[in-house]
Amino acid sequence: MPPITDQEFDALSRYVYEMTGIVLPPDKAYLLESRMQPLMNAGGFANYHELHRAARADRSSELPRQIVDAITTNETFFFRDRKPFELLRHKIVPDLIDRRRRAGAVGRLPLRIWSAACSTGQEVYSIAMTLAELLPVRGYDIQIVGTDISSRALAAASYGQYNAFDVQRGLPEEMRRKYFLPGAAGTMRVRDELRAMVRFESINLLKPLGHLPSFDVIFCRNVAIYFSREDKVRLFANLARVLQADGALILGGSETLTGMESDFVSRSYLQGLYFQLRSSDGPAVQPAPAVEAPLRPMVVPPPLGKEPARPRSAPSSLS
(Lines give C-alpha, C1' and ligand atoms only; values in the text may rest on other atoms or scores of the structure.)
Protein backbone atom coordinates (compact mmCIF):
# COMPACT_ATOMS: atom_id res chain seq x y z
CA MET A 1 0.00 0.00 0.00
CA PRO A 2 1.61 3.32 -1.03
CA PRO A 3 1.96 5.95 1.73
CA ILE A 4 -0.57 8.73 1.90
CA THR A 5 0.27 11.68 -0.35
CA ASP A 6 0.11 15.31 0.75
CA GLN A 7 -2.94 15.84 -1.44
CA GLU A 8 -4.69 12.76 -0.03
CA PHE A 9 -3.89 13.81 3.52
CA ASP A 10 -5.25 17.32 2.95
CA ALA A 11 -8.52 15.99 1.53
CA LEU A 12 -9.01 13.23 4.11
CA SER A 13 -8.04 15.37 7.10
CA ARG A 14 -10.51 18.05 5.98
CA TYR A 15 -13.18 15.36 5.77
CA VAL A 16 -12.37 14.18 9.30
CA TYR A 17 -12.56 17.78 10.52
CA GLU A 18 -15.97 18.28 8.90
CA MET A 19 -17.36 15.27 10.75
CA THR A 20 -15.63 15.55 14.13
CA GLY A 21 -13.98 18.94 14.56
CA ILE A 22 -10.67 17.14 15.16
CA VAL A 23 -7.74 19.01 13.62
CA LEU A 24 -5.02 16.78 12.18
CA PRO A 25 -1.87 18.78 11.41
CA PRO A 26 0.51 17.49 8.69
CA ASP A 27 2.78 15.84 11.26
CA LYS A 28 -0.12 13.46 12.09
CA ALA A 29 -0.14 11.90 8.62
CA TYR A 30 1.23 8.68 10.10
CA LEU A 31 -1.72 8.52 12.53
CA LEU A 32 -4.26 8.98 9.76
CA GLU A 33 -2.55 6.21 7.78
CA SER A 34 -2.54 3.77 10.69
CA ARG A 35 -6.17 4.45 11.68
CA MET A 36 -7.43 4.14 8.10
CA GLN A 37 -5.42 1.04 7.17
CA PRO A 38 -8.02 -1.51 8.35
CA LEU A 39 -10.72 0.29 6.35
CA MET A 40 -8.47 0.40 3.30
CA ASN A 41 -7.90 -3.35 3.52
CA ALA A 42 -11.55 -4.20 4.21
CA GLY A 43 -12.83 -2.09 1.32
CA GLY A 44 -10.13 -3.07 -1.14
CA PHE A 45 -9.22 0.56 -1.79
CA ALA A 46 -6.03 1.07 -3.82
CA ASN A 47 -5.26 4.44 -2.24
CA TYR A 48 -6.59 7.02 0.21
CA HIS A 49 -8.22 9.02 -2.55
CA GLU A 50 -10.52 6.07 -3.29
CA LEU A 51 -11.40 5.78 0.41
CA HIS A 52 -12.23 9.47 0.63
CA ARG A 53 -14.31 9.42 -2.54
CA ALA A 54 -16.24 6.33 -1.40
CA ALA A 55 -16.98 7.89 1.99
CA ARG A 56 -18.39 11.06 0.44
CA ALA A 57 -20.56 9.01 -1.90
CA ASP A 58 -21.83 6.59 0.79
CA ARG A 59 -25.51 7.43 1.29
CA SER A 60 -25.84 4.76 3.98
CA SER A 61 -23.31 6.69 6.14
CA GLU A 62 -21.72 3.38 7.14
CA LEU A 63 -18.24 4.17 5.82
CA PRO A 64 -18.25 7.70 7.30
CA ARG A 65 -19.28 6.18 10.64
CA GLN A 66 -16.40 3.71 10.42
CA ILE A 67 -13.97 6.54 9.71
CA VAL A 68 -15.22 8.46 12.76
CA ASP A 69 -14.92 5.34 14.92
CA ALA A 70 -11.38 4.74 13.66
CA ILE A 71 -10.10 8.27 14.14
CA THR A 72 -11.59 9.08 17.55
CA THR A 73 -9.74 8.11 20.69
CA ASN A 74 -11.52 5.39 22.69
CA GLU A 75 -8.95 4.35 25.29
CA THR A 76 -9.75 5.32 28.88
CA PHE A 77 -10.07 3.75 32.32
CA PHE A 78 -12.11 3.99 35.51
CA PHE A 79 -11.45 7.02 37.73
CA ARG A 80 -8.87 8.36 35.28
CA ASP A 81 -7.11 11.23 37.06
CA ARG A 82 -8.91 10.92 40.41
CA LYS A 83 -8.95 14.65 41.16
CA PRO A 84 -12.18 15.39 39.18
CA PHE A 85 -14.04 12.67 41.06
CA GLU A 86 -12.75 13.96 44.40
CA LEU A 87 -13.99 17.43 43.44
CA LEU A 88 -17.37 15.95 42.51
CA ARG A 89 -17.69 14.05 45.78
CA HIS A 90 -16.26 16.50 48.29
CA LYS A 91 -17.09 19.91 46.82
CA ILE A 92 -19.33 20.21 43.77
CA VAL A 93 -22.24 17.89 44.60
CA PRO A 94 -22.42 18.77 48.33
CA ASP A 95 -22.46 22.48 47.44
CA LEU A 96 -25.21 21.95 44.84
CA ILE A 97 -27.36 20.00 47.26
CA ASP A 98 -26.83 22.53 50.05
CA ARG A 99 -27.81 25.49 47.82
CA ARG A 100 -30.94 23.79 46.56
CA ARG A 101 -32.06 22.68 50.03
CA ARG A 102 -31.51 26.18 51.41
CA ALA A 103 -33.59 27.51 48.50
CA GLY A 104 -36.48 25.32 49.65
CA ALA A 105 -36.20 22.31 47.36
CA VAL A 106 -37.76 19.17 48.87
CA GLY A 107 -38.31 15.58 47.82
CA ARG A 108 -36.15 13.72 45.32
CA LEU A 109 -33.72 16.45 44.38
CA PRO A 110 -32.73 16.25 40.70
CA LEU A 111 -29.04 15.91 39.78
CA ARG A 112 -28.11 16.07 36.09
CA ILE A 113 -24.54 15.24 35.08
CA TRP A 114 -23.15 15.06 31.54
CA SER A 115 -20.04 13.19 30.41
CA ALA A 116 -19.56 14.99 27.10
CA ALA A 117 -17.00 12.62 25.56
CA CYS A 118 -17.69 9.38 27.36
CA SER A 119 -15.87 6.98 25.01
CA THR A 120 -16.56 3.39 26.14
CA GLY A 121 -18.26 4.46 29.38
CA GLN A 122 -15.65 4.25 32.12
CA GLU A 123 -16.04 7.93 33.02
CA VAL A 124 -19.84 7.66 33.16
CA TYR A 125 -19.77 4.67 35.48
CA SER A 126 -17.03 6.29 37.60
CA ILE A 127 -19.40 9.24 38.10
CA ALA A 128 -22.22 6.85 38.99
CA MET A 129 -20.04 5.02 41.52
CA THR A 130 -18.95 8.34 43.04
CA LEU A 131 -22.58 9.36 43.58
CA ALA A 132 -23.49 5.92 44.92
CA GLU A 133 -20.70 6.20 47.49
CA LEU A 134 -21.76 9.72 48.47
CA LEU A 135 -25.57 9.68 48.45
CA PRO A 136 -28.58 7.51 49.25
CA VAL A 137 -29.18 7.17 45.50
CA ARG A 138 -32.86 6.29 45.77
CA GLY A 139 -33.47 9.57 47.55
CA TYR A 140 -32.37 11.62 44.52
CA ASP A 141 -33.54 11.92 40.92
CA ILE A 142 -30.20 11.22 39.27
CA GLN A 143 -29.57 11.18 35.54
CA ILE A 144 -26.11 10.83 34.04
CA VAL A 145 -25.88 11.36 30.29
CA GLY A 146 -22.92 9.99 28.34
CA THR A 147 -22.33 11.23 24.81
CA ASP A 148 -19.72 10.57 22.17
CA ILE A 149 -19.37 10.94 18.43
CA SER A 150 -18.32 7.31 18.01
CA SER A 151 -21.24 4.88 17.72
CA ARG A 152 -18.90 1.95 18.32
CA ALA A 153 -17.75 3.43 21.64
CA LEU A 154 -21.34 4.16 22.68
CA ALA A 155 -22.41 0.58 21.99
CA ALA A 156 -19.71 -0.70 24.33
CA ALA A 157 -20.57 1.93 26.95
CA SER A 158 -24.26 1.07 26.93
CA TYR A 159 -23.57 -2.64 27.32
CA GLY A 160 -21.33 -1.95 30.32
CA GLN A 161 -19.20 -5.06 30.07
CA TYR A 162 -15.42 -4.90 30.43
CA ASN A 163 -12.56 -7.33 30.53
CA ALA A 164 -10.81 -8.02 33.82
CA PHE A 165 -7.89 -5.74 32.95
CA ASP A 166 -10.24 -2.79 32.28
CA VAL A 167 -11.98 -3.24 35.63
CA GLN A 168 -8.85 -3.81 37.70
CA ARG A 169 -7.27 -0.70 36.19
CA GLY A 170 -8.18 2.09 38.60
CA LEU A 171 -10.73 0.20 40.73
CA PRO A 172 -9.99 -1.25 44.19
CA GLU A 173 -11.23 -4.74 44.96
CA GLU A 174 -14.02 -3.49 47.23
CA MET A 175 -15.57 -1.39 44.44
CA ARG A 176 -15.22 -4.21 41.92
CA ARG A 177 -17.21 -6.51 44.21
CA LYS A 178 -19.78 -3.82 44.99
CA TYR A 179 -20.56 -2.53 41.51
CA PHE A 180 -19.77 -5.36 39.08
CA LEU A 181 -21.01 -8.87 38.37
CA PRO A 182 -19.05 -11.67 36.68
CA GLY A 183 -19.69 -11.89 32.94
CA ALA A 184 -18.87 -14.37 30.23
CA ALA A 185 -15.29 -15.41 29.43
CA GLY A 186 -13.75 -13.62 32.40
CA THR A 187 -15.47 -10.29 31.77
CA MET A 188 -17.23 -8.15 34.37
CA ARG A 189 -20.59 -6.38 33.92
CA VAL A 190 -21.70 -3.12 35.56
CA ARG A 191 -24.61 -3.80 37.91
CA ASP A 192 -28.04 -2.78 36.68
CA GLU A 193 -28.48 -0.41 39.62
CA LEU A 194 -25.71 1.76 38.16
CA ARG A 195 -26.83 1.30 34.56
CA ALA A 196 -30.27 2.57 35.56
CA MET A 197 -28.71 5.93 36.40
CA VAL A 198 -27.26 6.52 32.93
CA ARG A 199 -28.23 6.90 29.29
CA PHE A 200 -26.13 7.34 26.17
CA GLU A 201 -26.51 9.45 23.04
CA SER A 202 -24.47 10.27 19.93
CA ILE A 203 -23.61 13.98 19.81
CA ASN A 204 -21.23 16.23 17.90
CA LEU A 205 -20.19 18.85 20.46
CA LEU A 206 -19.69 21.53 17.82
CA LYS A 207 -23.29 21.31 16.64
CA PRO A 208 -26.19 23.13 18.38
CA LEU A 209 -27.10 21.43 21.66
CA GLY A 210 -30.54 22.96 22.09
CA HIS A 211 -32.22 19.58 22.53
CA LEU A 212 -30.26 18.87 25.70
CA PRO A 213 -31.56 19.71 29.19
CA SER A 214 -29.62 21.89 31.62
CA PHE A 215 -26.91 20.12 33.61
CA ASP A 216 -25.59 20.64 37.11
CA VAL A 217 -22.17 19.25 36.21
CA ILE A 218 -20.45 18.76 32.86
CA PHE A 219 -17.36 16.61 32.37
CA CYS A 220 -15.66 17.55 29.09
CA ARG A 221 -12.15 16.21 29.53
CA ASN A 222 -9.42 15.86 26.92
CA VAL A 223 -11.66 17.05 24.09
CA ALA A 224 -10.75 20.69 23.45
CA ILE A 225 -7.08 19.78 22.98
CA TYR A 226 -7.96 18.38 19.53
CA PHE A 227 -9.89 21.47 18.40
CA SER A 228 -8.78 24.69 16.73
CA ARG A 229 -8.97 27.87 18.81
CA GLU A 230 -12.09 28.97 16.94
CA ASP A 231 -13.79 25.64 17.60
CA LYS A 232 -12.77 25.74 21.26
CA VAL A 233 -14.67 29.02 21.56
CA ARG A 234 -17.71 27.37 19.92
CA LEU A 235 -17.40 24.34 22.20
CA PHE A 236 -17.32 26.33 25.44
CA ALA A 237 -20.16 28.57 24.26
CA ASN A 238 -22.24 25.46 23.59
CA LEU A 239 -21.43 24.04 27.03
CA ALA A 240 -22.27 27.32 28.74
CA ARG A 241 -25.76 27.27 27.24
CA VAL A 242 -26.63 23.93 28.87
CA LEU A 243 -24.98 24.45 32.27
CA GLN A 244 -27.03 25.51 35.27
CA ALA A 245 -26.22 29.02 36.52
CA ASP A 246 -24.45 27.58 39.58
CA GLY A 247 -23.25 24.38 37.91
CA ALA A 248 -19.68 23.20 37.36
CA LEU A 249 -17.59 22.37 34.28
CA ILE A 250 -14.68 19.95 34.64
CA LEU A 251 -11.95 19.87 31.98
CA GLY A 252 -8.91 17.65 31.46
CA GLY A 253 -5.79 18.21 33.53
CA SER A 254 -3.89 19.74 30.59
CA GLU A 255 -6.78 21.94 29.41
CA THR A 256 -7.27 25.57 30.33
CA LEU A 257 -9.38 28.58 29.40
CA THR A 258 -6.53 31.00 30.09
CA GLY A 259 -6.25 33.64 27.38
CA MET A 260 -9.59 32.68 25.84
CA GLU A 261 -12.76 34.70 26.04
CA SER A 262 -15.49 32.54 27.52
CA ASP A 263 -18.43 32.63 29.90
CA PHE A 264 -16.47 30.71 32.56
CA VAL A 265 -14.32 31.57 35.56
CA SER A 266 -12.03 29.10 37.31
CA ARG A 267 -12.49 27.80 40.85
CA SER A 268 -9.98 25.82 42.91
CA TYR A 269 -10.48 23.38 45.75
CA LEU A 270 -7.85 21.12 47.34
CA GLN A 271 -5.50 21.60 44.36
CA GLY A 272 -8.31 20.71 41.95
CA LEU A 273 -9.70 23.04 39.31
CA TYR A 274 -13.20 23.43 37.92
CA PHE A 275 -15.12 26.19 36.15
CA GLN A 276 -18.38 28.04 36.72
CA LEU A 277 -20.36 30.57 34.73
CA ARG A 278 -19.45 34.18 35.36
CA SER A 279 -23.05 34.79 36.43
CA SER A 280 -22.40 32.53 39.43
CA ASP A 281 -20.28 35.35 40.94
CA GLY A 282 -23.59 37.03 41.81
CA PRO A 283 -26.69 35.55 43.41
CA ALA A 284 -27.17 32.03 42.11
CA VAL A 285 -30.26 31.37 40.04
CA GLN A 286 -32.07 28.61 41.88
CA PRO A 287 -34.22 26.01 40.14
CA ALA A 288 -37.82 25.56 41.19
CA PRO A 289 -38.16 23.34 44.26
CA ALA A 290 -38.71 19.70 43.50
CA VAL A 291 -42.19 18.39 44.18
CA GLU A 292 -42.43 16.16 47.22
CA ALA A 293 -43.06 12.62 46.06
CA PRO A 294 -42.77 9.11 47.50
CA LEU A 295 -39.57 7.30 46.65
CA ARG A 296 -39.94 5.17 43.56
CA PRO A 297 -38.16 1.86 43.07
CA MET A 298 -35.11 2.19 40.87
CA VAL A 299 -35.88 1.33 37.27
CA VAL A 300 -33.62 -1.43 35.97
CA PRO A 301 -32.90 -1.48 32.22
CA PRO A 302 -34.31 -4.47 30.37
CA PRO A 303 -31.87 -7.30 29.62
CA LEU A 304 -29.85 -6.62 26.54
CA GLY A 305 -29.63 -9.01 23.64
CA LYS A 306 -26.59 -9.94 21.68
CA GLU A 307 -23.41 -8.36 22.98
CA PRO A 308 -21.97 -5.80 20.57
CA ALA A 309 -18.49 -6.35 19.23
CA ARG A 310 -15.81 -5.00 21.52
CA PRO A 311 -14.12 -1.96 20.05
CA ARG A 312 -10.60 -2.37 18.85
CA SER A 313 -8.04 -0.85 21.18
CA ALA A 314 -6.86 2.62 20.34
CA PRO A 315 -4.01 4.75 21.65
CA SER A 316 -4.89 7.08 24.49
CA SER A 317 -4.20 10.23 22.50
CA LEU A 318 -3.76 11.44 18.98
CA SER A 319 -0.02 11.18 19.12
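The values are calculated or read from the model by the stated rules, or taken from the named source; none is laboratory data. Everything quoted here is computed from the prediction, not taken from an experiment. Virtual Cβ from ideal backbone geometry, glycine too; neighbours counted across all protein chains shown. The area values use the complete protein model at the heavy-atom level, side chains included, leaving out ligands, DNA and RNA. Shrake-Rupley method; radii C 1.70, N 1.55, O 1.52, S 1.80 Å.
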Study note, to complete from the structure: One finds the C-alpha centres of region 174-220 and region 93-108 to be spaced, in Å, by 24
Exercise for review: Among DSSP beta bridges lying fully in region 90-202, give the percent that are antiparallel, nearest 5.
Suggested key: 30
Check your understanding: What is region 52-126 by shape, rounded, prolate or oblate, if you read a ≥ b ≥ c off the alpha carbon gyration tensor as root eigenvalues and call it rounded for a/c under 1.5, prolate for a/b larger than b/c, and oblate otherwise?
Key -> prolate
Check your understanding: Does anyone have the angle between helix 29-43 and the longest principal axis of the chain? Alpha-carbon axes, 0 to 90°, nearest 10?
Key -> 80
Review point. Leaving out same-chain residues fewer than 8 places away, which lysines sit with a Cα under 21 Å from that of Lys28?
Key: Lys232
Study note, to complete from the structure: Heavy-atom accessible area per residue of the chain, all protein chains kept, 1.4 Å probe, expressed in Å², is 48
Review point. Helix 229-241 versus the longest principal axis of the chain: what is the Cα-based angle in degrees, 0 to 90, to the nearest 10?
Key: 30
Check your understanding: In terms of the Cα gyration tensor, with a ≥ b ≥ c the square roots of its eigenvalues, is region 78-230 rounded because a/c is under 1.5, prolate because a/b exceeds b/c, or oblate?
Key -> oblate
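Under unit Cβ charges (Lys, Arg +1; Asp, Glu -1), what dipole magnitude, rounded to 20 debye, does region 1-91 have relative to its Cα centre? Can you show the working numbers first?
Numbers: 12 positive and 13 negative charges, 115 e Å.
Computed about the Cα centre, the dipole is about 560 debye.
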**Study point:** Residue among Phe77, Met36, Leu87 farthest towards the positive dipole end of region 20-118, charges placed on Cβ
**Key:** Leu87
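With a 1.4 Å probe and every protein chain kept in, tell me what percent of the accessible surface of the chain is carbon plus sulfur. Before the final figure, lay out each step's value.
On the way: 8170 of 15360 Å².
With neighbouring chains kept in place, the figure for the chain is 53 percent.
Just to be sure I understand: of the beta bridges DSSP finds with both ends in the chain, what percent are antiparallel, rounded to 5? Walk me through the numbers before you get to the answer.
Working: 12 of 32 bridges.
Counting DSSP beta bridges with both partners in the chain, the antiparallel share is about 40 percent.
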Exercise for review: Would you please state the base-10 log of I(q)/I(0) at q = 0.14, 0.15, 0.16 1/Å for the chain, with intensities from the Debye formula using one equal scatterer on every alpha carbon?
Suggested key: -1.15, -1.28, -1.40
Exercise for review: Using only alpha carbon pairs under 8 Å that are at least six residues apart, calculate the relative contact order of the chain and give it in whole percent.
Suggested key: 21
